[in-house]
Amino acid sequence: MSWQDDAGRDLVRSFGDRMAMFVRGEGAYVWDADGKRYLDFLAGIAVNSLGHAHPAFVEAITRQASTLSHVSNYFATPPQLELASRLKRLAGTGPDGRVYFGNSGAEANEAAFKLARLHGGPGRPRILSLKDAFHGRTMGTLALTGKPWMQEPFLPMVGGVEFIDTTIEALDAALDDGVAALFLEPIKGEAGVIDLPEGYLRAARELTERHGALLIVDEIQTGAGRTGEWFAFQHAGITPDAITVAKGIGGGFPIGALITFGAAGDLFYPGTHGSTFGGNPLGTAVAGAVLAEIERGGLVDNAAERGTQLREAIVRLDSTLVSGCRGQGLLIGVALRHPVAKAVVAAALEHGLVINAPNDDTIRLVPALTIGDVEIDEFLQLFAAALHTVEDALVLDAPSEVSA
Ligand SMILES: Cc1ncc(COP(=O)(O)O)c(C=O)c1O
């Protein structure tokens, strides 16, 4: 029996076939069960901020596991309070910011959804979200996710959510004093690394403020320095009412958080929300160490610089497939001229490169924030090889110009 047989028999089928079986990682590399080495430019979907098995991650998890792993939220622990304070500082909440800890992105957004309901009450039942947005797979966060095909098998949805086009005009038209909150991703990652229109975040802040609605920014994919600021909303110089974070914050340890700004943080009161594991000392110690290492290593600036370097090199590649790049920092969407992204991902894997296709004509690159010249040079070689493999196949498949 192969591992493919085991996976096919024992795992639920909500994910497609696993593409490889990885057994070990170090830095920007992972190894499969046959000892083949891969350059990892997916990083667990924007999770492994420090790469694999980083000494700071390993040291924190080992130290904390041998000290105190879990006590429940009846009690405080030093790593939890230190992480809350660090997140407030990095997000720039000021003293009245507050943090709720969960264990995933979906849990952070569930908390944000409940925050929106507490704010809205019966008088403000409407919640706005963007078409094509992705906010998670639980019933609450699926209701916020603007992809009808994902919702369809699970109807009816949790009510009250309306999806709008991603234009300032559509937002202006939809907002009124019956709206509790607007949810948005600063860059729509799962939709294909789609940037917001110029000025959108500033307009969203102005308009939500005018109507008394909360502005809730989902930084689950964009946060932890990935876009070249600690959080992507900071590029726009605005102050949201809340942000949600997960993925890169824990660097591989499952953790998520809702961070509030100003009065929004006072909406929760005892009994309104909770999680057994959320904010436990193990997860918060690891996330604290990951964020400390991102700060110490200047990795937010590295994400900005390496992002620019990669983008410039990708559009110069000798390839007829690439039409341009979207995104910011080390959240990069490579736009393809043909809907062959899945074939490029498969070819890349053959060549020893892990990347991903959020849709048919986009390749998403979200490597560790630690990458440098060596990884970038190797990436460019492997990516070009994968593109050429697919280009050659396209040429072979193209109908002959001289037909009988
Ligand atoms: C923007 C965004 N929000 C929410 C989520 C859900 O996070 P999780 O898979 O940790 O529940 C994701 C995951 O891809 C995401 O990219």
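No lab work stands behind these numbers, since they all come straight from the coordinates. In this text the structure is predicted, and so the values were computed from the model without any measurement. Glycine gets a Cβ as well: all are built from the backbone with ideal geometry, and neighbour counts include every protein chain shown.
Computed quantities for the displayed model
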{"item": "From phi via Karplus (6.51, -1.76, 1.60), per-residue ³J(HN,Hα) for the range 279-296 in Hz, x at Gly/Pro", "result": "x, 5, x, 5, x, 6, 5, 5, 4, x, 5, 5, 5, 4, 6, 4, 5, 4"}
{"item": "Distance in nm between pseudo-label sites at E198 and Y74 (7 Å out along the Cβ direction from Cα)", "result": "5.8 nm"}
{"item": "The chain - mean residue ellipticity at 222 nm from DSSP helices (-39,500 (n - 2.57) per run, n ≥ 4, rounded to 500)", "result": "-11500 deg cm²/dmol"}
{"item": "Loop-located GluC sites (Glu not before Pro) in the range 140-225, at most 10 other Cβ atoms within 10 Å (DSSP)", "result": "E198"}
{"item": "P(r) tail fraction, the range 56-296 - alpha-carbon pairs more than 26 Å apart, %", "result": "35 percent"}
{"item": "Selected from M139, T222, G25, residue furthest toward positive end of dipole (the chain; charges at beta carbon)", "result": "M139"}
{"item": "Per-residue ³J(HN,Hα) for the range 299-316, Karplus 6.51 cos²θ - 1.76 cosθ + 1.60, θ = phi - 60°, Hz, x for Gly and Pro", "result": "7, 5, 5, 4, 4, 5, 5, 5, x, 4, 4, 5, 4, 4, 6, 5, 6, 8"}
{"item": "Which of T244, T308 has the fewest Cβ neighbours within 10 Å, and the rest in rising order", "result": "T308, T244"}
{"item": "Choice from S14, S49, S129 with maximal GNM fluctuation in the chain (Cα, 10 Å cutoff)", "result": "S14"}
{"item": "Footprinting exposure proxy for W230, W3, W31 (fewest neighbouring C-beta atoms within 10 Å first)", "result": "W3, W31, W230"}
{"item": "Rg over Rh, two decimals, the chain (C-alpha only, Kirkwood Rh)", "result": "0.98"}
{"item": "Simple spin-label estimate for Y269 and E206 in nanometres, 7 Å along Cα-Cβ", "result": "3.6 nm"}
{"item": "Per-bin percent of Cα-Cα distances, the range 188-266 [10 Å]", "result": "18, 50, 29, 4"}
{"item": "Cα-centred dipole magnitude for the chain, charges only on beta-carbon of K, R (+1) and D, E (-1), debye, nearest 20", "result": "1080 debye"}
{"item": "Full-stretch length increase - T320, V158 - with 0.36 nm per residue and alpha-carbon distance subtracted", "result": "53.9 nm"}
{"item": "Spatially proximal lysines relative to K114 (Cα-Cα < 30 Å; intrachain offsets below 8 disregarded)", "result": "K88, K131, K147, K188, K247"}
{"item": "Nearest-20 debye value, the range 56-296 charge dipole, Cβ charges on Lys, Arg, Asp, Glu", "result": "620 debye"}
{"item": "Per-q log10 I(q)/I(0), the range 222-330, q = 0.17, 0.18, 0.20, 0.24 Å⁻¹ (Debye; single scatterer per alpha-carbon; no solvent)", "result": "-0.93, -1.00, -1.12, -1.30"}
{"item": "Viscosity 0.692 mPa s, temperature 37 °C, Stokes-Einstein D of the range 20-158 from Kirkwood C-alpha radius, µm²/s", "result": "175 µm²/s"}
{"item": "Most fluctuating residue given options L299, L258, L175, as computed from a GNM of the chain linking Cα atoms under 10 Å", "result": "L175"}
{"item": "Per-residue Cβ neighbour rank within 10 angstrom, fewest leading, V374, V179, V158", "result": "V374, V158, V179"}
{"item": "Distance in nm between pseudo-label sites at Q381 and V23 (7 Å out along the Cβ direction from Cα)", "result": "2.5 nm"}
{"item": "Reciprocal of mean inverse Cα separation for the range 283-404 (Kirkwood radius, Å)", "result": "15.7 Å"}
{"item": "Among T389, I294, V315 the positive-end extreme of the charge dipole of the chain (Cβ point charges)", "result": "I294"}
{"item": "Förster radius 30 Å - calculated FRET efficiency between R137 and D165 (Cβ-Cβ, nearest 0.05)", "result": "0.80"}
{"item": "Rounded if a/c under 1.5, otherwise prolate or oblate - the range 269-353, Cα gyration tensor axes", "result": "prolate"}
